[in-house]
Amino acid sequence: MKEKNTAQTKSAKALLDFIDRSPTPFHAVEEMGRTLADAGFARLEEAEVWKLKKNGKYFVVRNDSSMIVFSVGRQAPASAGFKIAGAHTDSPNLRLKPKPAFDKCGYRQLGVEVYGGALLGTWTDRDLSLAGRVILRTKQGLPRSRLIKIDRTILRIPQLAIHLNRDVNDKGLVLNKQTHLPPILGLADAKLPTEQALASLVAGEAKCKASEILGLELSLFDLQKSAVGGLDREFLFAPRLDNLASCHAAVSALLSAEKLDAATRVLAFYDNEEVGSESAQGAGSPFLKDTLERISLAFDGSRESFMRASARSIFLSLDMAHAVHPNYAERHEQNHQPAINGGPVIKTHSGQRYATEGMSAGFFEQLCERAEVPVQKFVMRSDLQCGSTIGPITAAELGMRTADAGSPMLSMHSVREMAGVSDHDYMIRVLREYFKP
Ligand code: ZN
């Protein structure tokens, strides 16, 4: 068997490690923040005065789940522009309801909501656990929060036996979101109500008293570790590749880019893409625009300077793309069938579900050529509805030239997705080329 080259193996391992440590957007932002802080990036607070320095490296976090990272260029953004890459931190999953605990037929169960367009059937018969943010009481002002990730199997959504559901293989698995998804947490015990059992489990993980807990912002995740697989170890099997692979590629490229650029390099990582981006920390918020304006203001106080900076800038909207599925090849347009490990995919849609236009597509393709990375193109079949990304939302907000591109993958929105080892390395190389001075 062929071994992948070491750069590819290294970047794949780093990605899978990041994914396993990041079951929620909160964890992904914490992990990226730690990596960036280790590399000398200073955390800024939005409510404080910013004293930015030329060549300074910073990041700012909103709601613990979105973040903007930037390294200030040698020249003012009005003359050198911003080089921006964006991605989303969230993935479809099941989230606990505010009062989740109930007992039924002798089982302890938890009520869940569906977050985003999850492939629900893939959440059944998996070894599941809980992760997210615990909201804790304080003496005054806002409450505080603590992240938890329970590293043992505590939940399962069992499928109904085929003997009780004879036509499931012909008619498909139909799951009612209210009645069929609540996972089983254990067997009911009258001496310890399920609400209390859950509170004491969480308090143990959060190292706090159960009485301190105001609320839980927890989602389910699959405990199975990510893996490299395939005959030639050419595939990645992991949860949340959409879109933590893009987040990881962007951070890796920024950290390994050549030092000192005239332009200001920016990474924007948003929560809530999977539910439409309309939130205070989503791509529909002014988070990025305000941050860019503050950077521009640090150089000179004129509003025209910021507008000139925007006109000189480019936004790469990074999100995963649909590789062709051999068992459903007819679902792809005949001339647009991206292959796994065939390189980054440029996505276009005339109805602007993707923000790519001719010039931005050409710009991205040239980056691939200069990085000596293969490139592919995707357009949806004309008779199928197209998905979307943060691209059109940020393009409309910023008025900036934007390209939508991403690595090809299969099983998008499954609890366990699939992508290519080489593609991850290709994306890092293209972004490194983008960030070249
Ligand atoms: Zn996505």
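Of all the criteria given as (1) under 20 Å from residue 61 (Cβ atoms); (2) open to solvent by 10 Å² or more (accessible area, probe 1.4 Å); (3) modelled with pLDDT under 95, the one not satisfied by residue 303 is (1). For beta carbons closer than 8 Å, sequence separation of 6+ or different chains, a first residue in the range 263-275 that is assigned by TED's automatic domain parsing to the domain that holds residue 32 and outside any strand (DSSP E or B) and a second that is more than 16 Å from the ligand (Cβ to nearest atom) and open to solvent by less than 10 Å² (accessible area, probe 1.4 Å), the qualifying pairs are 263/73; 263/77; 263/81; 263/82.
Residue-wise test of (1) surrounded by fewer than 24 Cβ atoms within 10 Å (Cβ to Cβ); (2) under 30 Å from residue 316 (Cα atoms); (3) touching a Pro at 6+ places or on another chain (Cβ under 9 Å).
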{"position": "197", "(1), (2), (3)": "yes, no, no"}
{"position": "206", "(1), (2), (3)": "yes, no, no"}
{"position": "214", "(1), (2), (3)": "yes, no, yes"}
{"position": "220", "(1), (2), (3)": "no, no, yes"}
{"position": "231", "(1), (2), (3)": "yes, no, no"}
{"position": "241", "(1), (2), (3)": "no, yes, no"}
{"position": "244", "(1), (2), (3)": "no, yes, no"}
{"position": "262", "(1), (2), (3)": "yes, yes, yes"}
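Checked against (1) within 18 Å of residue 243 (Cβ to Cβ); (2) among the aromatic types (Phe, Trp, Tyr); (3) open to solvent by 70 Å² or more (accessible area, probe 1.4 Å), residue 270 passes all but condition (3). Restricting the search to strands (runs of 3 or more DSSP E) fully inside the range 323-430 and requiring at least 1 residues that are under 19 Å from the mean Cα position of the chain (by Cα) and within 16 Å of the ligand (Cβ to nearest atom) gives 345-347, 401-406, 408-410, 417-420. Applying the condition of being surrounded by fewer than 24 Cβ atoms within 10 Å (Cβ to Cβ) and not in a strand (DSSP E or B) to the range 79-97 and asking which residue is farthest from the ligand (Cβ to nearest atom) yields 79. Among the criteria (1) surrounded by 21 or more Cβ atoms within 10 Å (Cβ to Cβ); (2) of a type outside the set (Phe, Trp, Tyr); (3) part of a helix (DSSP H, G or I), the one residue 30 does not fulfil is (1).
Any residue that is within 16 Å of the ligand (Cβ to nearest atom) and either outside any loop (DSSP other than H, G, I, E, B) or touching a residue at least 24 places away in the same chain (Cβ under 8 Å) (or both) - is there at least one of those in the range 146-159? No, every residue in the range 146-159 fails to be within 16 Å of the ligand (Cβ to nearest atom) and either outside any loop (DSSP other than H, G, I, E, B) or touching a residue at least 24 places away in the same chain (Cβ under 8 Å) (or both). Do we find a residue being modelled with pLDDT under 95, in the same structural domain as residue 425 (by TED's automatic domain parsing), part of a loop (DSSP other than H, G, I, E, B) and out of contact with any helix residue (DSSP H, G or I) (no Cβ under 9 Å at 6 or more places or on another chain) anywhere in the range 283-295? No; the residues of the range 283-295 include none that is modelled with pLDDT under 95, in the same structural domain as residue 425 (by TED's automatic domain parsing), part of a loop (DSSP other than H, G, I, E, B) and out of contact with any helix residue (DSSP H, G or I) (no Cβ under 9 Å at 6 or more places or on another chain). Based on this model, can you work out whether residue 52 counts as part of a strand (DSSP E or B) and either open to solvent by less than 20 Å² (accessible area, probe 1.4 Å) or in the same structural domain as residue 296 (by TED's automatic domain parsing) (or both)? Considered against the rule, which asks whether it is part of a strand (DSSP E or B) and either open to solvent by less than 20 Å² (accessible area, probe 1.4 Å) or in the same structural domain as residue 296 (by TED's automatic domain parsing) (or both), residue 52 comes out as no.
Sub-6 Å Cβ pairs linking a first residue in the range 165-181 that is under 17 Å from residue 117 (Cβ atoms) to a second residue that is part of a helix (DSSP H, G or I) and not hydrophobic (A, V, I, L, M, F, W, C), at least 6 apart or interchain, are 173/121, ordered by first then second residue. Apart from one condition, residue 76 fits all of (1) closer than 18 Å to residue 308 by Cβ; (2) among the hydrophobic types (A, V, I, L, M, F, W, C); (3) surrounded by fewer than 19 Cβ atoms within 10 Å (Cβ to Cβ); the exception is (3).
The values are calculated or read from the model by the stated rules, or taken from the named source; none is laboratory data. From a predicted model like this one, the values you see are computed outputs, not experimental measurements. Don't worry about glycine lacking a Cβ; one is built from the backbone with ideal geometry, like all the others, and counts go over all protein chains shown. Remember, those area values only see protein heavy atoms, side chains included, never the ligands or the DNA or RNA. Shrake-Rupley method; radii C 1.70, N 1.55, O 1.52, S 1.80 Å.
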